[in-house]
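The values are calculated or read from the model by the stated rules, or taken from the named source; none is laboratory data. Just so it is clear, the model here is predicted, and its values are computed rather than measured. Positions of Cβ are generated from backbone atoms using ideal geometry, with glycine treated the same way; all protein chains shown enter the neighbour counts. The protein model used for the area step is the full one, side chains on, heavy atoms only, and it has no ligands, DNA or RNA in it. Shrake-Rupley method; radii C 1.70, N 1.55, O 1.52, S 1.80 Å.
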Amino acid sequence: MIVSRRAFALGGVAIAALAGPALAMGADAFTVSGKKGPYLKQVAKQRFGAGGKGGSGSLGLASDAVNQGRFQTARLRMPQTEAKIAEMVATLDGHWPYEKGPVPTVHIVGLNYYNAYSLPDNSIVVGFGLLDQAQSDDEAAFILAHELGHLRLGHFNQRGSAFNSRSMISGLGQLYVVGSALHSGAKSLRGGGNGVDAFNASAVSAAARAGATTDFLSFLNNTMVPPSHSREQEDQADAIGYDLSQAASYSADSASARVFDTIQADTSKRQETSTGLQKQLDVDLSKVVDPSTAQSLVNGTMTRGDMAGVLMKGAGAFAQGMASRGGGQSDGPKHRSPEERKKGIAQYSTDAYPQGAPLRDEQKGWLQQVRSTAEYTHAKVVVGAVYEAMQKRSAGDYPGAGRAIAQARKTSYGTSPLVLNEAARLRDDMGETTQADKLFRQAHASPDQTVDGYVDHVRMLYRTQQNDPAVEIIATGIQRFDNDDKPFLSLQIAVAKQMGQEDRVDFYLKRCNSFNDQNLSNDCKLAAGRTDSSGSGSNTPQAPKLPSLPFSVPGFPHR
Ligand SMILES: [Zn+2]
């Protein structure tokens, strides 16, 4: 049983099964020993030059749209804030005594998420929540120095990151795919036609809510997904974060401890919200799928409750920052819990600085400047309003969601894709597809439109059987995001299938498998409704039996 569950969950979801033990198991020793002195000095003999950015691995990775800061989902353009962050990064970088790569670029994501991550294109992505929740400059300095550490230590030149970063597309894909099916059911039912008899109005709205809830879960947990480094690399970045912020006269001891506490609290809160959403999803799904058809829903191996659980687990794993599995390998969890990181860095500090770090008061001047601008005030309103809109939409409160969107539209970010995409999704849920289409296209016209905006638009076009426009949007999306077709492959398959073009389904399936990314392959097979596992490139002994899940949920007529 456990095997088949895990097998189903090969996407982001398998991560959860594997990540579980990480929390319970306790940590191995922190891999960086400060007994040999500050790590910053220990790395003196390493070669960084080829690294920074130049390694072939790095370049390969950076060609994935999802690995580029400028394509990060929910991005907010905040030039003054970005400049202040870049200033702090430069100060920290001034204490890096070795060869340096190019100056990192900074991007901000409009989500109340207390964290940051670096990407192979030499960018640092900062969650708005870090700026909003930090209690001192020193916290921001430690986190930014950690990210700078990844870049300066050349962590992206190493192969491990490639798999992991890529596979996060899959986690997204799976949620999208299931969400599409739910929306699709709702739309078909709303539109009338055969098969409607079996369902009442409450099923229709429950299906719409369930779809919106998967959107919200995805927004909460998949918007900021750090590329997964090895546990060793994370320890190294923590040590460098400590060393650089210490050297730049920040209080690394007190700030780093609070950083880990805040990450823990932030994560717990997000998990709590996600758990609530899971329950809601479960209730809504129970209205949509009756228990007997639920059996056949996923090849008779999974019940409705499992389906909600699977969605949730995938999301939960991301919430934990544990999307650390690559390519379906199963060599154990890699990420420490915040508590373990806190202990590790405290031990490192004692060992590396036996004389004790100088006592310093934490500062707030930088944060005050960051928060004093008009763009910050507007961003704060938008981040809160978009979150509220998603929350209300998933509860089926469309007027409430509309009011939140209206509030966001009044700010200087009113025409940002973060706002326009959510406005479009709301119209879509309300059955106003033409309006939604306009809003999506308006968002595409923005230089900041993101991959998910295109994907959501295509999902809607697919569901409403607008196949030709769907093909067109896919094509422009791929072209726009540096010809990276991976985020679109499962949709290409779904659309081709709907158009009855089995040869194209086969073509895209082959293309999918050519990446040797099991998660991606599985998403594609889900979309194709293929249940066999041939050609998946799977090396696991028990080849997974995949459910022919989403595009033909029983009882959901497609036309
Ligand atoms: Zn890290």
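Condition (residue is open to solvent by 10 Å² or more (accessible area, probe 1.4 Å) and closer than 20 Å to Ala210 by Cβ) applied to the stretch 469-485: is it met by at least one residue?
Filtering the stretch 469-485 down to residues open to solvent by 10 Å² or more (accessible area, probe 1.4 Å) leaves 469, 471-472, 475-476, 478-480, 482-483, 485.
Retained after the next criterion (residues that are closer than 20 Å to Ala210 by Cβ): none.
No, there is no match, as no residue in the stretch 469-485 is open to solvent by 10 Å² or more (accessible area, probe 1.4 Å) and closer than 20 Å to Ala210 by Cβ.
Having 2 or more residues that are closer than 24 Å to Tyr113 by Cβ is the bar; report the helices (runs of 4 or more DSSP H) wholly within the stretch 360-459 that clear it.
Details: elements: 365-371, 374-394, 398-409, 417-429, 433-444.
Because the criterion is at least 2 residues that are closer than 24 Å to Tyr113 by Cβ, the helices (runs of 4 or more DSSP H) in the stretch 360-459 that meet it are 365-371, 374-394, 398-409, 417-429.
Of the residues His150, His146, which single one is within 11 Å of the ligand (Cβ to nearest atom) and either modelled with pLDDT under 95 or not in a helix (DSSP H, G or I) (or both)?
His150
Is one or more of the residues making up the stretch 393-414 open to solvent by 20 Å² or more (accessible area, probe 1.4 Å), within 23 Å of the chain's Cα centre (by Cα) and of a type in the set (A, V, I, L, M, F, W, C)?
Yes, the conditions are met somewhere in the stretch 393-414.
Any chance the stretch 243-266 includes a residue that's more than 15 Å from the ligand (Cβ to nearest atom) and within 16 Å of the chain's Cα centre (by Cα)? I'd like the intermediate steps shown before the answer.
Residues of the stretch 243-266 more than 15 Å from the ligand (Cβ to nearest atom): 246-255, 257-258, 261-262, 264-266.
Subset that is within 16 Å of the chain's Cα centre (by Cα): 266.
Yes, the stretch 243-266 contains at least one residue that is more than 15 Å from the ligand (Cβ to nearest atom) and within 16 Å of the chain's Cα centre (by Cα).
Enumerate the pairs (first residue in the stretch 93-110 and farther than 19 Å from Asp121 by Cβ and among the aromatic types (Phe, Trp, Tyr); second residue anywhere and part of a strand (DSSP E or B) and open to solvent by 20 Å² or more (accessible area, probe 1.4 Å)) with beta-carbon separation below 6 Å, excluding pairs fewer than 6 apart on the same chain, so at least 6 apart or on different chains.
Hits for this filter: zero, empty list.
Among the residues of the stretch 218-241 satisfying the criterion of being within 11 Å of the ligand (Cβ to nearest atom) and open to solvent by less than 10 Å² (accessible area, probe 1.4 Å), which is nearest to Trp96 (Cα to Cα)?
Ile240
Do we find a residue being farther than 28 Å from Leu40 by Cβ and either open to solvent by 10 Å² or more (accessible area, probe 1.4 Å) or in contact (Cβ under 8 Å) with a residue 60 or more places away in the chain (or both) anywhere in the stretch 118-130? Working first, answer last.
Residues of the stretch 118-130 farther than 28 Å from Leu40 by Cβ: 128-129.
From what's left, either open to solvent by 10 Å² or more (accessible area, probe 1.4 Å) or in contact (Cβ under 8 Å) with a residue 60 or more places away in the chain (or both): 128-129.
Yes: one or more hits.
Taking the options Ile15, Ile108, name whichever one is out of contact with any His (no Cβ under 6 Å at 6 or more places or on another chain), open to solvent by less than 20 Å² (accessible area, probe 1.4 Å), at pLDDT 50 or above and aliphatic (A, V, I, L, M).
Details: Ile15 fails: at pLDDT 50 or above.
Ile108 is the lone residue from the list that is out of contact with any His (no Cβ under 6 Å at 6 or more places or on another chain), open to solvent by less than 20 Å² (accessible area, probe 1.4 Å), at pLDDT 50 or above and aliphatic (A, V, I, L, M).
Determine, yes or no, whether Gly402 is over 21 Å from Gly211 (Cβ atoms) and not hydroxyl-bearing (Ser, Thr, Tyr).
no
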